[in-house]
Amino acid sequence: MEKLQSAEQFEVLKQGERTAFLFSADWCPDCRVIDPLLPSIEADYPEYEFVYVDRDQFIDICAEHDIFGIPSFLVYSHGEEKGRFVSKDRKTREEITAFLDHPEA
């Protein structure tokens with residue numbers, strides 16, 4: 001999974017065909033639980049570009065997008081937000097894949 005390097009890069013990546021941003025942090029125990037699942041989820045969804053956003057490094061982006069709990073996901077396509085799976089709750093593989101299947105729901 002690509003790691004976000006700058007706020008400018010975030011703006012560029014939002015313009016892609018289908019970008020899934022994962023907001024997370026190294027200290028977050030619920031985030032660490034999903035870490036082992038992410039490579040297989042990425043493999044199952046090749047239509048997405050997955051980008052890791054460190055919540056502490058990019059707190060301004062989190063605030064701008066109402067990301068107050070992690071782990072959380074935002075999906076963008078051509079600069080438009082298509083869906084969000086945002087909460088402070090632990091997420092299962094099934095919940096993540098259901099979101100990626102239908103981010104607009």
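The values are calculated or read from the model by the stated rules, or taken from the named source; none is laboratory data. Just so you know, these numbers come straight off a predicted model, no measurement behind them. Cβ coordinates were reconstructed from backbone atoms using ideal geometry, including for glycine residues, and neighbour counts include every protein chain displayed.
Please work out which residue is nearest to Val12 (Cα to Cα), limiting yourself to the range 30-55 and to residues that are modelled with pLDDT of 95 or more and of a type in the set (Asp, Glu). Applying the filter and picking the extreme gives Glu49.
For the residues Ile61, Ile34, the requirement of being over 15 Å from Pro103 (Cα atoms), in contact with a Pro (Cβ under 8 Å, 6 or more places away or on another chain), assigned to a helix (DSSP H, G or I) and among the β-branched types (Val, Ile, Thr) singles out Ile34.
For the range 67-82, the tally of residues that are in contact (Cβ under 8 Å) with a residue 40 or more places away in the chain, loosely packed, with under 14 Cβ neighbours inside 10 Å and of a type in the set (Phe, Trp, Tyr) stands at 0. When the range 56-98 is filtered for residues that are under 12 Å from Ile34 (Cβ atoms) and of a type in the set (A, V, I, L, M, F, W, C), the ones remaining, listed by number, are Ile70, Phe73, Phe85, Ile96.
Scanning the range 46-55 for residues that are outside any strand (DSSP E or B) and either surrounded by 12 or more Cβ atoms within 10 Å (Cβ to Cβ) or among the β-branched types (Val, Ile, Thr) (or both) yields Tyr48, Arg55. Figure legend. Inter-residue proximity from the range 6-33: first residues within 11 Å of Ile61 (Cβ to Cβ), second residues among the basic types (Lys, Arg) and not in a helix (DSSP H, G or I), beta-carbon distance below 8 Å, spacing 6+ or different chains. Indicated pairs: Phe23/Arg55.
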